[in-house]
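Only one structure is covered here, and it is reproduced in the block below.
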Amino acid sequence: MSEFDEKSNFDDKKERTSNADEAGFEARALELEERIRLLEAERASLLIEREHYVRDLEYMRRELEQTRSTPLVEATIVDILPDGRAVVHSSNGPNLVVFSSQSITSSVLRPGTRVALNQRGSSIVEVLPRAQDTYVKAMEVLERPNLKFKDIGGLKKQIDLIKEIVVLPLLHPELFEQVGIEPPKGALLSGPPGTGKTLLAKAVAGETSATFISTVGSELVQKFIGEGARVVRELFELAREKAPSIIFIDEIDAIGAKRVDIGTSGEREVQRTFMQLISEMDGFEPLGNVKVLAATNRIDILDPALVRPGRFDRVIQIDIPTTEEREEIFRVHTRGVNLASNVNLKTAAEETEGATGAEIRNIVIEAGLAAIRRGSTQVQSSDMESGIKAVIRSSSTKSTAIYV
Ligand SMILES: Nc1ncnc2c1ncn2[C@@H]1O[C@H](COP(=O)(O)OP(=O)(O)OP(=O)(O)O)[C@@H](O)[C@H]1O
Ligand SMILES: [Mg+2]
């Protein structure tokens, strides 16, 4: 072996070992990087866990504080004295004259504001949100009726009027601004019982996306003895808060009837509720995107104050349906009915002069029952006849013969 050979052999060896070292380092570096990644992932998950514990701890602390703290006293401000103190009516009895905590800006303290007093009832420590009657809140129709204008037979003119007065101003207030007129505040549906007033209002609820708040006049005065006026006020507050909205007061004659003399306290209560309704509609606070819809079958006994301009500007009259309208109502109510081909709805309409929508619905139900009685699943024209007989006869024997 030459000297040269030996040298190259040596170099070779050196190179091989350095190659091996490098591979080893690289592997180690990779290993370490992998480890770093793992540790970082672990760190991140630990941080998240820590976050959870901190939140738990905070929650526990708050719980502990809440269970330890003694309750505050609820009160309503009656008056603000010139020196800044407030007269409050506390929920546990007497009226108190109290200071308010420095942390409360004095401008929010006004008569009628709901506040919390400290334990000893000596100072206002917190301003509470306005109490909202749960009953008033429940008047909002959350589950809209699956009822559309097409489910109403006839009443085309009335539907158009409602669209113009209630639906259009809510959807396109700019149209009224451009023309420069104030849109009507509301409409009063008037007509004999069973002609579809409540139905029309329900269809409005089903057709628009505006908040729909529905109540009945008699409930306003019967359920809340002594509080009808407050409920009306809160009703309008809720409507303003949730605008665009529609307030529907069915059977408004229960609160809006004119009275010759106000004798009993019950009558005075009704009167107060009525006055509140009037003042809400006249309102110093603009109604804005709130429309009021009401229905009555006794417009003759309504206080004329109710239909003065600026209140229920429009009266939408609904009359006993004409023959064509009756045919349409028959069509609406027989939509899902298994009718035999010999049933002629036009004839049925002609034979039911003076019948209302409600009676027509009953006729169809009676006809269906007659078919079932026969053991059939199809309504024949003879069933229709007996339905008409059953309903029309029973209504003509009623002592209140209003359908003449
Ligand atoms: N035009 C109509 N088209 C279809 N159905 C009608 C129509 N009018 C009345 N009906 C039927 O009669 C029922 C009763 O009508 P609704 O409750 O609307 O009467 P109303 O006018 O509010 O009467 P009241 O003055 O007694 O409150 C409705 O649920 C509906 O089934
Ligand atoms: Mg009704």
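The values are calculated or read from the model by the stated rules, or taken from the named source; none is laboratory data. Remember, predicted model here, so these are calculated numbers, not experimental data. Glycine gets a Cβ as well: all are built from the backbone with ideal geometry, and neighbour counts include every protein chain shown.
Looking at segment 259-275, is at least one residue of a type outside the set (Val, Ile, Thr), at pLDDT 85 or above and in contact with a helix residue (DSSP H, G or I) (Cβ under 8 Å, 6 or more places away or on another chain)? Spell out how you get there, then give the answer.
Of the residues in segment 259-275, the ones of a type outside the set (Val, Ile, Thr) are 259, 261, 263, 265-269, 271-272, 274-275.
Narrowing the set further to residues that are at pLDDT 85 or above leaves 274-275.
Filter once more, keeping what is in contact with a helix residue (DSSP H, G or I) (Cβ under 8 Å, 6 or more places away or on another chain): 274-275.
Looking for residues that are of a type outside the set (Val, Ile, Thr), at pLDDT 85 or above and in contact with a helix residue (DSSP H, G or I) (Cβ under 8 Å, 6 or more places away or on another chain), one finds at least one in segment 259-275, hence yes.
How many of the residues making up segment 372-391 are more than 16 Å from ILE329 (Cα to Cα) and within 41 Å of the chain's Cα centre (by Cα)? Spell out how you get there, then give the answer.
As a first pass, look at segment 372-391 and keep what is more than 16 Å from ILE329 (Cα to Cα): 372-383, 385-386, 389-390.
Next cut, within 41 Å of the chain's Cα centre (by Cα) only: 372, 377-379, 390.
Result for segment 372-391: 5.
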### Qualifying helices (runs of 4 or more DSSP H) (wholly inside segment 129-190; at least 2 residues being at pLDDT 85 or above and farther than 30 Å from THR322 by Cα)
173-179
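Filter segment 293-314 down to residues that are within 26 Å of the chain's Cα centre (by Cα), assigned to a strand (DSSP E or B) and within 16 Å of ligand 2 (Cβ to nearest atom), then give me how many there are. Before the answer, list the steps.
The first filter runs over segment 293-314 and keeps only residues within 26 Å of the chain's Cα centre (by Cα), leaving 293-297, 306-307, 310-314.
Of the ones still in play, those that are also assigned to a strand (DSSP E or B) are 293-296, 314.
Now drop any that are not within 16 Å of ligand 2 (Cβ to nearest atom), which leaves 293-296.
Of the residues in that region, 4 qualify.
Inside segment 54-89, can you point out the residues that are over 30 Å from GLY112 (Cβ atoms) and surrounded by 10 or more Cβ atoms within 10 Å (Cβ to Cβ)? Can you show your working first?
Initially, segment 54-89 is screened for residues over 30 Å from GLY112 (Cβ atoms), giving 54-65, 67-68.
Within segment 54-89, VAL54, ARG55, ASP56, LEU57, GLU58, TYR59, MET60, ARG61, ARG62, GLU63, LEU64 qualify.
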### Summary
The residue from ARG230, ARG144 that alone is under 18 Å from ILE249 (Cα atoms) and surrounded by 14 or more Cβ atoms within 10 Å (Cβ to Cβ) is ARG230
### Message
Contact list please: Cβ distance under 7 Å, first residue in segment 352-379 and under 26 Å from GLU324 (Cβ atoms), second residue of a type in the set (S, T, N, Q) and near ligand 1 (Cβ under 9 Å from one of its atoms), pairs at least six apart or on different chains.
### Response
THR356/THR195; GLY357/THR195
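If you check THR134 against the conditions, is it under 25 Å from ARG240 (Cβ atoms), under 28 Å from the mean Cα position of the chain (by Cα), surrounded by 10 or more Cβ atoms within 10 Å (Cβ to Cβ) and not aliphatic (A, V, I, L, M)? Show your work before the answer.
Numbers: under 25 Å from ARG240 (Cβ atoms): yes; under 28 Å from the mean Cα position of the chain (by Cα): yes; surrounded by 10 or more Cβ atoms within 10 Å (Cβ to Cβ): no; not aliphatic (A, V, I, L, M): yes.
Judged against the criteria, THR134 is not a match.
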### Message
Give all pairs with beta carbons closer than 9 Å in which a residue from segment 148-167 that is at negative phi meets a residue that is part of a helix (DSSP H, G or I) and basic (Lys, Arg); count only pairs at least 6 apart in sequence or on separate chains.
### Response
PHE149/LYS163; GLY153/ARG326; GLY153/ARG331
